[in-house]
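Each reported figure results from applying straightforward, stated rules to the coordinates on display, with no laboratory input. Just so it is clear, the structure is predicted and the values come from calculations on it, not from any experiment. Positions of Cβ are generated from backbone atoms using ideal geometry, with glycine treated the same way; all protein chains shown enter the neighbour counts.
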Amino acid sequence: MPLKAGIVGMGLGRHHLTAYAESCHVDHIVLCDLDPARLETYKAQVPKVKAVYKSLEEMLQREKPDLMSVTTPDHLHRPHAEACLAAGCHVLLTKPLATNIEDGRAIVRAGEAAAARGQKLGMAHERRFRPFFVKIKEMLDSGELGEVIHIRSDSIQDKREQFRRAPWYASPEAGRSALVGSGIHQVDVVRFLVGRPVAGAFGYGNRLGGMTFPADKTTSALFRFEGGAIASVTVTYEAHWPKAGAIEDIFRMVTTKGVIVGNQVSVDGRDEWRTIPKDDNPIPESSRVLTHRFIDAVVENRAVDVPVYEGFLSLAAAVAADRSGVEGRELAPEAL
Ligand SMILES: NC(=O)c1ccc[n+]([C@@H]2O[C@H](COP(=O)([O-])OP(=O)(O)OC[C@H]3O[C@@H](n4cnc5c(N)ncnc54)[C@H](O)[C@@H]3O)[C@@H](O)[C@H]2O)c1
């Protein structure tokens, strides 16, 4: 039976729209945003968009979508995910799960209650769907690279332009740190690659630099995994690139059988570097792929790729690193 899909939040949500528009399983799309210009743009561009709303509540009541993408600002994930689950929708939620543990727990609990009614709640942790990380994960799972010893994953960002366009990112109301809001990508990907629980986290953060921001804008965190692997994650919003808006992601991994530096991999026994292709503008494509996979999980009634609990584990690890700097000691991530 054809599905009705909805999206709330038409910034990043436009990449989910691409997949719903393409999908043979979706014949009807409804959109919600506070910004009428964004709504009209996508209604005009995509024939499957049948109605647009300024109120999520009204859209859920009238349309009863089968699927909902929640791509609103971070601090709205809890009320919006809860509302969509209560309305009976399968939900795909962008990162971070939430900006604090309490909201994160509430979303997981709402997801558990919805799962008992047959609904799915998946996280759109898009890094896991990028061909670069898919390839590395395959090499780890196949045993080619052995076990992870150490990962460095940094995100060096110039946020001036983005925060001018979308001021909620730097608002006290959103209450997000750079690590929870953005570094969560790196935290999630190192958890994904190591594949073991985080045993302890330690981080230092600061608010140096000119940008007005209510929390730490630069954080260096260390994660200690069960089994001994270590990951180092640094995120900063205060890098002033020549062209505002740039993000440089730095990746390096040492394993028991090889090493990855940037997108070059060397495996023991082969005296050479091989290239793992990296996409320069990957968010539209990984978001499209993960949305298709979410639709397929619903249609085929199988588990979603990234269950909401994974989102909680990444959030709890990032929050532990943020707090540890204040408390001056390593902290274990909070349990659900
Ligand atoms: N790579 C990624 O996975 C990635 C990239 C960018 C953003 N994000 C996440 O996506 C979310 C949205 O970020 P963005 O950059 O698209 O922000 P944005 O500000 O560009 O878009 C958010 C949209 O939500 C709308 N909105 C706000 N409150 C609403 C409400 N109550 N009801 C309906 N619509 C509402 C706004 O009008 C806006 O159009 C955030 O959680 C962000 O962290 C993820």
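Data table
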{"quantity": "Crossing angle, helix 131-141 versus the chain [Cα axis fit, 0-90 degrees, rounded to tens]", "calculated": "60 degrees"}
{"quantity": "On Cα atoms only, tilt of 283-299 relative to the major axis of the chain in degrees", "calculated": "60 degrees"}
{"quantity": "Charge context of Val308, other residues only, Cβ under 13 angstrom, K/R +1, D/E -1", "calculated": "-1"}
{"quantity": "Distance violations [Cα-Cα > 25 Å] among Lys48/Lys243; Lys4/Lys135; Lys54/Lys95; Lys43/Lys120; Lys4/Lys137; Lys95/Lys137", "calculated": "Lys48/Lys243; Lys4/Lys135; Lys43/Lys120; Lys4/Lys137"}
{"quantity": "Contour minus Cα-Cα distance for Glu57 and Thr256 (0.36 nm per residue)", "calculated": "66.5 nm"}
{"quantity": "Size of electric dipole in segment 196-285: Cβ of Lys, Arg +1 and of Asp, Glu -1, about Cα centre, debye, nearest 20", "calculated": "220 debye"}
